[in-house]
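Just so you know, all these numbers are worked out from the coordinates, no wet-lab data involved. Predicted, not measured: the structure shown is a model, and the values here were computed from it. Because the Cβ atoms are built from the backbone with ideal geometry, glycine has one as well, and the counts that use them run over all protein chains shown.
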């Protein structure tokens, strides 16, 4: 696959979308902040790149809402890092967010391509 022009393919994420992606990423198990950002980037084929200035405030926001919990552990580089995990409330929120996302995508698709409805 040829390398992508990151400047033209980079997509800005709305706050709620970033929250949903973080929750989705943590569905597979605990991860530190940098790892969450890397997983989102890799899962999106390098289209979505979450900057630390957006990621860490989002993690703190989700923690305050009770959707994430954390524990301190040694990272792969043997540094002390917060490893975030979904709480039961976070799992419930992810299910709700996925349902809203599916409705939003279907609604926007109808608006953008009304001929597809016919």
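For 21, 94, 104, the sequence from fewest to most other C-beta atoms within 10 Å is 104, 94, 21.
Taking mean projected area of the Cα convex hull in nm² as calculated from this structure, the corresponding entry among (1) 7.5; (2) 8.7; (3) 9.5 is (3). This ranking places 73, 64 by how few other beta-carbon atoms lie within 10 Å of each, fewest first, which gives 64, 73.
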